[in-house]
Amino acid sequence: MSAVAPTVALVTGASAGLGREYAHALAARGHDLVLVARRADRLAALAQELRDRYRVEVEVCVADLATDDGCAHCCATVVDREVDVAVLNAGFGSLGPFAAADAAWETAMVRLNCVSVVELTRAVLPGMIGRGRGAVLIVSSAAAWHPVPYMATYGATKAFELHFVQALAEELRETGVQVSAVCPGPTATEFSDVLETAGRTSGSGWPKWMPIDGAADVVATSLRGLDRGRVVIPTGRIAWCTRLWSRLMPRGAGVRAVGVVHRRRSRGRRAAGIGHGD
Ligand SMILES: NC(=O)c1ccc[n+]([C@@H]2O[C@H](COP(=O)([O-])OP(=O)(O)OC[C@H]3O[C@@H](n4cnc5c(N)ncnc54)[C@H](OP(=O)(O)O)[C@@H]3O)[C@@H](O)[C@H]2O)c1
């Protein structure tokens with residue numbers, strides 16, 4: 001059972017991967033939905049599928065959350081909707097040496113992964129506090145545990161989300177509003193394809209030995225964690241192991257070891273002749 005009464009749920013990044021699974025899981029719980037992403041065709045198809053399958057109301061909000069206009073449009077859509085569950089999931093990353101990165105890509109990542117999360121949380125929280133109920137679930141990452149060389153901007157955005165959630169959870173004690181961060185390990189979504197679009201990696205991007213979790217499992221685990229009032233919800237073996245490891249290892253040694261793994265990942269692009277010179 002959901003921790004909150006089934007009313008309106010907001011899901012950003014609903015056109016693919018984890019967001020699509022959150023939309024299904026929340027509709028199955030009886031929530032009406034507001035779905036946000038840039039790809040209108042995918043959102044429209046998903047909205048119809050959810051209406052047909054779960055008999056819920058679904059509104060589509062096509063917005064680029066890495067832009068001021070997109071964020072403003074999304075905030076205006078949700079501010080009067082009595083959103084009781086907000087899953088702030090839209091996000092992307094990049095892989096490779098930062099000095100060779102596309103500056104526009106990196107700054108758009110910060111806008112999407114950090115600024116839009118702040119703006120949307122600020123838009124929905126007052127209503128939740130006023131009603132004395134609600135939940136904000138922010139999709140961070142196992143990359144939040146410590147700095148990530150070769151994914152420097154991405155790791156920092158995910159650490160921002162984790163700190164933001166932990167601070168808010170303390171502020172919101174006794175309000176009836178739950179704020180949680182889910183920290184998935186590697187998960188089978190379009191995330192790696194988008195890394196490839198950034199032009200700084202090739203192939204799946206994940207080392208062959210790494211266990212990859214299914215998106216549906218990550219979503220089920222995170223909603224269970226939310227129902228139980230957990231503030232930080234690691235999902236999958238990699239997330240649990242790296243969390244423990246980041247607590248046990250001295251910071252400097254940990255960052256060097258993470259750098260070795262990600263340097264190898266980013267070398268895949270050299271072998272394929274992809275990306276900027278470095
Ligand atoms: N997959 C993993 O291994 C993994 C691990 C840890 C954490 N995560 C986190 O999980 C979250 C979801 O990622 P995913 O793995 O499900 O990746 P995904 O399959 O690539 O989905 C990303 C979603 O974000 C949306 N999005 C991207 N840029 C956007 C923008 N500018 N404005 C609005 N929406 C935008 C995409 O929709 P449009 O392209 O249609 O806009 C898509 O719906 C991210 O925050 C990611 O950091 C993923």
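Here are the numbers for this structure:
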| item | result |
| --- | --- |
| Residue list for region 23-57, restricted to those being surrounded by fewer than 16 Cβ atoms within 10 Å (Cβ to Cβ), under 19 Å from C74 (Cβ atoms) and acidic (D, E) | D41, E57 |
| Selection from region 36-49 of residues that are of a type outside the set (A, V, I, L, M) and in a helix (DSSP H, G or I) | D41, R42, Q48, E49 |
| Residues of region 161-188 that turn out to be outside any helix (DSSP H, G or I) and over 13 Å from the mean Cα position of the chain (by Cα), as a count | 9 |
| So T12, is it out of contact with any Asp or Glu (no Cβ under 8 Å at 6 or more places or on another chain), in contact (Cβ under 8 Å) with a residue 40 or more places away in the chain, buried (at least 16 other Cβ atoms within 10 Å of the Cβ) and among the polar types (S, T, N, Q) | yes |
| Residue check for L26: more than 8 Å from the ligand (Cβ to nearest atom), in contact (Cβ under 8 Å) with a residue 60 or more places away in the chain and assigned to a helix (DSSP H, G or I) | yes |
| Hits in region 50-71 (condition: aliphatic (A, V, I, L, M) and outside any helix (DSSP H, G or I)) | V56, V58, V60, V62, A63, L65, A66 |
| First in region 167-193 and free of Cβ contacts under 8 Å to residues at least 24 places away in the same chain, second anywhere and more than 7 Å from the ligand (Cβ to nearest atom) and of a type outside the set (F, W, Y), Cβ under 6 Å, 6 or more apart | S192/S204; S192/G205 |
| First in region 217-245 and under 21 Å from G176 (Cα atoms), second anywhere and at pLDDT below 95 and surrounded by fewer than 18 Cβ atoms within 10 Å (Cβ to Cβ), Cβ under 6 Å, 6 or more apart | D227/A3 |
| Some residue of region 63-77 being within 13 Å of the ligand (Cβ to nearest atom), without any contact (Cβ under 8 Å) to a residue 40 or more places away in the chain and either in contact with a His (Cβ under 7 Å, 6 or more places away or on another chain) or closer than 15 Å to L195 by Cα (or both) | yes |
| Selection from region 134-168 of residues that are hydrophobic (A, V, I, L, M, F, W, C) and buried (at least 23 other Cβ atoms within 10 Å of the Cβ) | A135, V136, L137, I138, V139, A142, A143, A144, W145, V148, M151, V165 |
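The rows are residues; the columns are (1) part of a loop (DSSP other than H, G, I, E, B); (2) buried (at least 22 other Cβ atoms within 10 Å of the Cβ).
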| site | (1), (2) |
| --- | --- |
| H73 | no, no |
| D84 | no, yes |
| V87 | no, yes |
| F92 | yes, no |
| E106 | no, no |
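The values are calculated or read from the model by the stated rules, or taken from the named source; none is laboratory data. Being a predicted model, the structure only gives us computed values, none of them experimental. With ideal geometry, Cβ positions are generated from the backbone for all residues, glycine too; neighbour counts draw on all protein chains shown.
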